[in-house]
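K.L.:
Before anything else, here's the structure in question.
None of the figures in this text is laboratory data; all of them are computed from the coordinates on show. The structure displayed is predicted, hence computed values, not measured ones. Cβ placement follows ideal geometry from the backbone for every residue including glycine, while neighbour counts extend to all protein chains displayed.
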Amino acid sequence: MSGTSHRAVDPLYILIMRNNPGAEAAFRAWIRTNQIENATVSGPRMMLHDQRSFEMFKVTWLGNITNIMIWDTWSKRHIYLD
């Protein structure tokens, strides 16, 4: 049996919002607004499980990007968006 969508067990990207007590609410609002299906939020961390979700984040995030730290779990490196 095969499906058209697949959710990876481990996230592809981990986004951490620093210095913001409302990080969880902001991430959840972004997920809801952009209808992202492959994301989970835990406190100030949002885990994205597919490339499309990450591309959507880069285009649609309206918050302060300088407070966001992005970890690429496959490449094992930080990503800096300027």
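K.L.:
What ³J(HN,Hα) values, in whole Hz, does the Karplus curve 6.51 cos²θ - 1.76 cosθ + 1.60 give for region 51-58 when θ = phi - 60°, with x put for Gly and Pro?
P.N.:
5, 4, 4, 5, 5, 4, 4, 4
K.L.:
When only DSSP loop residues count, what chymotrypsin sites (Phe, Trp or Tyr not before Pro) in the chain have their Cβ near at most 15 other Cβ atoms within 10 Å?
P.N.:
Counting only loop positions with at most 15 other Cβ atoms within 10 Å, the chymotrypsin sites (Phe, Trp or Tyr not before Pro) in the chain are Trp74, Tyr80.
K.L.:
If each of Arg28 and Tyr80 carries a label point 7 Å out from its Cα toward its Cβ, how far apart are those two points in nm?
P.N.:
Inter-label distance under the simple model: 3.3 nm.
K.L.:
Next question, about the same structure. In region 18-81, which trypsin sites (Lys or Arg not before Pro) are in a loop and have at most 14 other Cβ atoms within 10 Å, using DSSP for the loop call?
P.N.:
Arg18, Lys76
K.L.:
I've got another one for you. Among (i) 85, 30, 22; (ii) 31, 23, 20; (iii) 44, 28, 22, only one was calculated for this model; which label is it, if the read-out is Cα extents along the principal axes in Å?
P.N.:
Entry (iii).
K.L.:
In deg cm²/dmol, rounded to 500, what helix-only [θ] at 222 nm does the chain give when every DSSP H run of at least 4 residues adds -39500 (n - 2.57) and the total is split over its residues?
P.N.:
Value at 222 nm, helices only, nearest 500: -8000 deg cm²/dmol.
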